[in-house]
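**Student:** The structure's right below; bear with me while I get my questions together.
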Amino acid sequence: GNRIMLFALLIFSIISMNSCKKTTDIPGTNEVFIQGMAFSPSTITVTTGTTITWTNKDGVAHTVTSNTGLFDSGSIGSNGTYSHTFSTIGTFPYKCTIHPTMTASVVVK
């Protein structure tokens, strides 16, 4: 009895550990990852009214700052997130003010 229970618990633990850990670091829909000193994807296309969430996967702080002043996340620490809803059509380039070579854009159709 006890041995079967222990075995079942062990199997359950292994399954639970695997399901909690994301095996791929691929952004979902309307999601941008900041990783490897870059925005991924560098261009994201959405429809009006869409909220995009940026997640900082790097070990250093980054910002999500609109080139035109439309939005500014301020400093996002490691594993931090920032969201912005895009309500107008257009192309919205942005950058990390800490690392200006990091650039990307949001296209709203």
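The values are calculated or read from the model by the stated rules, or taken from the named source; none is laboratory data. Just so it is clear, the structure is predicted and the values come from calculations on it, not from any experiment. Every residue, glycine among them, receives a Cβ derived from its backbone with ideal geometry; neighbour counts consider all protein chains shown. The area values use the complete protein model at the heavy-atom level, side chains included, leaving out ligands, DNA and RNA. Shrake-Rupley method; radii C 1.70, N 1.55, O 1.52, S 1.80 Å.
**Student:** Take the residues in segment 90-99 that are assigned to a loop (DSSP other than H, G, I, E, B) and closer than 19 Å to PRO41 by Cβ; name whichever of them is nearest to the chain's Cα centre (by Cα).
**Tutor:** First, pick out the residues of segment 90-99 that are assigned to a loop (DSSP other than H, G, I, E, B): 96-99.
Checking the rest, the ones that are also closer than 19 Å to PRO41 by Cβ come to 96, 99.
Working: CYS96: 14, HIS99: 17 Å.
Among residues in segment 90-99 that are assigned to a loop (DSSP other than H, G, I, E, B) and closer than 19 Å to PRO41 by Cβ, the one nearest to the chain's Cα centre (by Cα) is CYS96.
**Student:** Now for a different question. Conditions first: (1) touching a Phe, Trp or Tyr at 6+ places or on another chain (Cβ under 7 Å); (2) modelled with pLDDT of 95 or more; (3) not hydrophobic (A, V, I, L, M, F, W, C). PRO27 passes all but one, so which condition is the exception?
**Tutor:** Unmet condition: (2).
**Student:** Looking at segment 51-66, which of its residues are within 18 Å of THR85 (Cβ to Cβ) and either free of Cβ contacts under 8 Å to residues at least 12 places away in the same chain or open to solvent by 30 Å² or more (accessible area, probe 1.4 Å) (or both)?
**Tutor:** Scanning segment 51-66 gives THR51, THR53.
**Student:** List pairs: first in segment 87-109 and over 11 Å from THR68 (Cβ atoms), second among the basic types (Lys, Arg) and open to solvent by less than 90 Å² (accessible area, probe 1.4 Å), Cβ under 7 Å, 6+ apart or cross-chain?
**Tutor:** Listed by first residue and then by second, the contacts come to MET102/LYS95; THR103/LYS95.
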